[in-house]
Amino acid sequence: MNGSNRNISPHLTQTPTHLKFLKISLLFLFSFAFYLSPCAAQTKIGLLKYSGGGDWYANPTSLPNLIKFCNETLHTDISPEPTVVEPGSRDLFSLPFVHMTGHGNVVFSEPEAENLRKYLLAGGFLHIDDNYGIDPFIRREMKKVFPEIEFTELPSSFAFYLSPFAFPTGLPKIHEHDNKPPQGFGLFWEGRLICFYTYESDLGDGWEDPQVHGDSPETRLKALRMGGNMLTYVFTGK
């Protein structure tokens with residue numbers, strides 16, 4: 001694929017004044033928290049606990065391992081354990097990055113969809129990782145959150161495929177599902193990537209403890225590096 005993210009992130013609509021103010025405030029908060037001195041509170045990232053019967057709790061060691069990798073390799077200062085948060089909770093707004101995964105059904109109520117929308121418009125970021133089987137459900141439910149925009153596949157030239165670790169062909173393949181190539185899809189709002197959906201890649205499995213899936217060190221390192229690129233993009237915008 002060729003092209004830049006400018007070609008796939010059209011200006012959609014004007015954000016209301018109160019949301020613009022909230023977005024500026026949250027972006028400042030997230031940036032400030034990321035660069036806090038060691039004596040201050042650590043930045044926290046979230047794990048989304050959703051309804052519908054899907055296993056939101058799958059891959060319990062994945063986020064702690066990704067956090068450890070980023071803290072040791074990229075010198076971030078992220079709290080070792082993720083914060084479990086529901087899509088309708090106000091606590092969502094204290095988290096610059098939220099991860100969600102699973103194999104099955106996902107359901108967002110109307111208030112949850114509205115809250116998740118406000119969070120993403122205000123500067124938050126959602127990573128959805130298909131652990132095999134979540135695809136039809138997450139596409140349906142994200143339409144509740146953003147009925148006016150579509151998931152668009154990101155080109156291999158997109159920022160977080162390039163730095164700090166290079167993935168010149170785009171999203172790495174970690175686990176085989178249906179013999180399909182890995183794809184990374186994004187939702188953009190006013191030129192900003194607000195949601196990244198990884199499909200047929202299974203990054204979360206690659207972040208897990210090595211004995212869980214028996215992945216090679218090389219495969220796990222690819223997954224962790226891709227996760228590190230993603231968090232770098234979320235916190236720095238590049």
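What pairs can you find where one residue is in region 80-94 and farther than 17 Å from G53 by Cβ, the other is at pLDDT below 95, and their Cβ atoms are less than 7 Å apart, with a gap of 6+ or different chains?
F93/L26
Which residue out of L187, L224, L231 is within 19 Å of P60 (Cα to Cα) and in contact with a Cys (Cβ under 8 Å, 6 or more places away or on another chain)?
From the options L187, L224, L231, the qualifying one is L231.
Based on this model, can you work out whether K118 counts as touching a residue at least 60 places away in the same chain (Cβ under 8 Å), out of contact with any Gly (no Cβ under 7 Å at 6 or more places or on another chain) and among the basic types (K, R)?
On the way: touching a residue at least 60 places away in the same chain (Cβ under 8 Å): yes; out of contact with any Gly (no Cβ under 7 Å at 6 or more places or on another chain): yes; among the basic types (K, R): yes.
The answer is yes for K118.
Cβ contacts < 8 Å: first residue within 15 Å of D129 (Cα to Cα), restricted to region 158-182; second residue of a type in the set (F, W, Y) and surrounded by fewer than 20 Cβ atoms within 10 Å (Cβ to Cβ), any location; separation 6+ or different chain. Result?
Here the result reads H175/Y132; H177/Y132, each pair linking region 158-182 to a residue that is of a type in the set (F, W, Y) and surrounded by fewer than 20 Cβ atoms within 10 Å (Cβ to Cβ).
Of all residues in region 124-149, which are in a loop (DSSP other than H, G, I, E, B) and surrounded by fewer than 21 Cβ atoms within 10 Å (Cβ to Cβ)? First the steps, then the outcome.
Keep residues of region 124-149 that are in a loop (DSSP other than H, G, I, E, B), which gives 124-125, 131-134, 146-149.
Of everything in region 124-149, those that are in a loop (DSSP other than H, G, I, E, B) and surrounded by fewer than 21 Cβ atoms within 10 Å (Cβ to Cβ) turn out to be Y132, G133, F146, P147, E148, I149.
If you scan region 173-189, which residues turn out to be modelled with pLDDT under 95 and surrounded by fewer than 20 Cβ atoms within 10 Å (Cβ to Cβ)?
Selection gives K173, H175, E176, H177, D178, N179, K180, P181.
If only one of G184, G170 is in a loop (DSSP other than H, G, I, E, B) and in contact with a strand residue (DSSP E or B) (Cβ under 8 Å, 6 or more places away or on another chain), which one is it? Step through it out loud before you land on a result.
On the way: G184 fails: in a loop (DSSP other than H, G, I, E, B).
One residue alone meets the criteria, G170.
Yes or no, residue by residue, for (1) more than 13 Å from the chain's Cα centre (by Cα); (2) more than 18 Å from H75 (Cβ to Cβ); (3) outside any helix (DSSP H, G or I):
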| residue | (1), (2), (3) |
| --- | --- |
| C195 | no, yes, yes |
| G206 | yes, yes, no |
| Q211 | yes, yes, no |
| F235 | no, no, no |
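Is it the case that L47 is under 13 Å from the mean Cα position of the chain (by Cα), in contact (Cβ under 8 Å) with a residue 60 or more places away in the chain and closer than 22 Å to F235 by Cβ?
Against the criterion (under 13 Å from the mean Cα position of the chain (by Cα), in contact (Cβ under 8 Å) with a residue 60 or more places away in the chain and closer than 22 Å to F235 by Cβ), L47 does not qualify.
Do we have any residue at all in region 150-160 that's more than 13 Å from the chain's Cα centre (by Cα), part of a strand (DSSP E or B) and among the β-branched types (V, I, T)?
Yes; the residues of region 150-160 include at least one that is more than 13 Å from the chain's Cα centre (by Cα), part of a strand (DSSP E or B) and among the β-branched types (V, I, T).
State the number of residues belonging to region 140-157 that are in contact with a Phe, Trp or Tyr (Cβ under 8 Å, 6 or more places away or on another chain) and free of Cβ contacts under 8 Å to residues at least 12 places away in the same chain.
Of the residues in that region, 0 qualify.
The values are calculated or read from the model by the stated rules, or taken from the named source; none is laboratory data. Predicted, not measured: the structure shown is a model, and the values here were computed from it. Every residue, glycine among them, receives a Cβ derived from its backbone with ideal geometry; neighbour counts consider all protein chains shown.
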